[in-house]
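Trainee: Can you keep this structure in mind? I'll have questions shortly.
The values are calculated or read from the model by the stated rules, or taken from the named source; none is laboratory data. Computed from a predicted structure; not experimentally measured. In this analysis, Cβ positions are derived from the backbone assuming ideal geometry, glycine residues included, and neighbour counts consider all displayed protein chains.
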Amino acid sequence: MKETVYALALTRLHGLSQANAQRCYEHYGSAEAVFADRNPSEQRLRDALPYHAEALRWAEEEMAFCEENRIRVLCMNDPDYPERLRQCADAPLVLFYRGTADLNAHHLVSVVGTRHITEYGRDLCRHFTEDIAHLLPDAIIVSGLAYGVDIHAHRGALQQGLETIGVLAHGFDRIYPAHHRETAAQMTHQGGLLTEYPIRTVPDKGNFVRRNRIIAGLSEATVIVESAAKGGALITASLALDYNRDVYAFPGRTSDPYSAGCNALIRTNGAGLITSAEDFALAQGWITEREDAKGAPVQREFFPELSDEERRLVDILHEADKKTISQLVTEAGLPFNRTNALLLGLELKGILKGLPGGLYRLLK
């Protein structure tokens with residue numbers, strides 16, 4: 001408890017940035033040790049420490065609010081602090097958490113996208129949460145409780161009995177947007193709410209951008225459902241890539257403005273192409289076989305929906321772990337442009353996956 005109060009106070013020291021507070025914490029090994037050094041070598045810390053009494057008073061008030069409202073305060077050295085996030089260079093020194101979900105669970109996936117969700121995006125959210133609940137009942141869906149894709153991902157998870165975590169851009173003394181208050185309350189009993197912001201922090205625009213790094217850092221992978229050419233989801237995708245996490249995107253029609261960001265990510269190899277939760281789980285290695293609607297493994301030797309040319313490419317890939325497009329062109333005896341179009345179609349059907357370097361392999 002004492003260390004937690006000191007950690008909170010460290011984030012509030014006048015004139016000490018969050019980055020400097022983090023460096024001090026790492027240097028001293030604990031927040032209490034920072035305050036114990038009355039003559040630190042770091043000039044910024046020397047300038048800030050005279051305000052320590054004010055910072056400690058604020059921290060004690062914040063702790064009292066958290067205790068009264070069943071909010072846990074997780075500082076960096078707490079064993080329940082999310083380990084994946086701890087590995088990120090810009091992880092928050094302190095997190096506020098209310099919920100039931102294990103922040104260190106294995107199957108955490110962030111699902112994000114535009115606030116201007118279309119019917120296509122709503123269908124994707126619904127089908128993704130339905131299918132992931134069937135394939136991985138212990139999966140936890142992470143998002144930002146915002147309008148659009150976020151809230152549909154949260155509600156889809158709740159309806160399927162999955163836990164879901166909302167990362168807030170403000171303190172626990174409010175819920176924004178207010179329309180999502182009922183969903184947020186349900187999430188505290190079937191997932192949780194998480195924020196780096198203390199009470200009386202308003203949901204400013206910059207806070208939403210900063211909270212995206214928590215959404216990206218908390219999970220094993222990030223899935224982009226719909227995104228315009230610019231937007232918060234693309235920021236989250238970029239952060240996830242910086243953290244060496246996997247990113248996936250659902251493709252859309254070239255004429256759809258809210259698929260432009262997803263299509264661009266796929267085109268530039270910034271995201272893997274998926275068309276279903278099954279594609280995602282296979283690509284992550286969370287399942288090892290594709291299943292049919294009844295839960296039985298699909299026999300890849302027989303795809304009645306495939307054309308003769310598609311079947312020829314599938315048969316070739318059965319014989320090897322992976323092939324380049326040039327090898328497929330030669331072995332199938334098809335023109336390059338035709339082969340390329342067939343491979344894209346097979347990828348959209350979830351039968352094969354494009355890999356870096358122009359390689360392709362069957363999804364097993």
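Trainee: What strands (runs of 3 or more DSSP E) lie completely within the range 115-198 and have 3 or more residues being closer than 25 Å to Ala260 by Cα and assigned by TED's automatic domain parsing to the domain that holds Tyr248?
Mentor: Qualifying strands (runs of 3 or more DSSP E): 140-143.
Trainee: For the range 341-361, give me each residue that is closer than 20 Å to Thr288 by Cα, in contact with a strand residue (DSSP E or B) (Cβ under 7 Å, 6 or more places away or on another chain) and part of a helix (DSSP H, G or I).
Mentor: Residues satisfying the conditions are Leu346, Glu347.
Trainee: Kindly indicate whether Leu241 is in contact with a strand residue (DSSP E or B) (Cβ under 8 Å, 6 or more places away or on another chain), surrounded by fewer than 20 Cβ atoms within 10 Å (Cβ to Cβ) and assigned to a helix (DSSP H, G or I).
Mentor: Judged against the criteria, Leu241 is a match.
Trainee: Of the residues Val223, Val202, which is outside any loop (DSSP other than H, G, I, E, B) and either farther than 22 Å from Asp102 by Cα or touching a Phe, Trp or Tyr at 6+ places or on another chain (Cβ under 7 Å) (or both)?
Mentor: Matching residue, one of Val223, Val202: Val223.
Trainee: Please find, among Leu334, Leu328, the residue that is touching a Lys or Arg at 6+ places or on another chain (Cβ under 8 Å), modelled with pLDDT of 80 or more and surrounded by 14 or more Cβ atoms within 10 Å (Cβ to Cβ).
Mentor: The conditions single out Leu334.
Trainee: Regarding Leu145, is this residue touching a His at 6+ places or on another chain (Cβ under 6 Å) and surrounded by 23 or more Cβ atoms within 10 Å (Cβ to Cβ)?
Mentor: Spelling it out, Leu145 is indeed touching a His at 6+ places or on another chain (Cβ under 6 Å) and surrounded by 23 or more Cβ atoms within 10 Å (Cβ to Cβ).
Trainee: Still on this model: In the range 13-61, what residues are in contact (Cβ under 8 Å) with a residue 40 or more places away in the chain and assigned to a loop (DSSP other than H, G, I, E, B)?
Mentor: Result: Leu13, His14, Ser30.
Trainee: A further question follows. What are the residue pairs meeting all of these: first residue in the range 200-217, first residue outside the structural domain of Lys230 (by TED's automatic domain parsing), second residue outside any helix (DSSP H, G or I), Cβ atoms under 9 Å, and 6 or more apart or on different chains?
Mentor: Pairs found: none.
Trainee: When Leu85 is evaluated against the numbered criteria (1) surrounded by 19 or more Cβ atoms within 10 Å (Cβ to Cβ); (2) in the same structural domain as Ala21 (by TED's automatic domain parsing); (3) farther than 18 Å from Ile214 by Cβ, which criterion, by number, is the only one it fails?
Mentor: Single failed check for Leu85: (3).
Trainee: Okay, next question. Tell me, please, whether a residue that is touching a helix residue (DSSP H, G or I) at 6+ places or on another chain (Cβ under 8 Å), exposed (fewer than 14 other Cβ atoms within 10 Å of the Cβ) and not aromatic (Phe, Trp, Tyr) can be found in the range 52-75.
Mentor: Yes - at least one qualifying residue is present in the range 52-75.
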